[in-house]
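**Student:** Structure in structure tokens, see below.
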Amino acid sequence: MKKHKNEELQTAKNPNRGYEGTSKSGLSLLRKRIDRIDKRLTGLLVKRYECISAIGLYKGKNNISVADPVREAEILSKVTSGIGDEKVTDFIKQVYAGIFDASRAVEIHEMV
């Protein structure tokens, strides 16, 4: 487990480290790495869903609007600060746009 964390820290400094070629083995390594990341990401998204569900119940009981563009802008600012790479920042913003859409749908469902 520690090996993976160290690998991720090193890769954060140089994202192409060890994957410069287009070999089949390089592709396989990248896909395995994505699989590990996806597993962790899924666990975090489950936790996020649980929070969103509770927020939807709270908003429903207190007649609070689902849409909160100020909160979404705050989140985007936090998650993209310090990235320094416009392509990565745009990617993160696109991912969060999907998360925000799905989150609003969960909140609406919980309010009913």
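What follows is calculated from the coordinates using simple rules that are stated; it is not laboratory data. For clarity, every value in this text was computed on a predicted model and none was experimentally measured.
**Student:** Pull out the extension gain between Val46 and Val95, defined as 0.36 nm times the separation in residues minus the alpha carbon to alpha carbon distance; nm, one decimal.
**Tutor:** 16.1 nm
**Student:** Another question, if that's okay. Among all lysine pairs in the stretch 57-112 that are eight or more places apart or on different chains, how many have alpha carbons less than 27 angstrom apart?
**Tutor:** Details: Lys59/Lys78; Lys59/Lys93; Lys78/Lys87; Lys78/Lys93.
Lysine pairs, 8 or more places apart or on different chains, close enough: 4.
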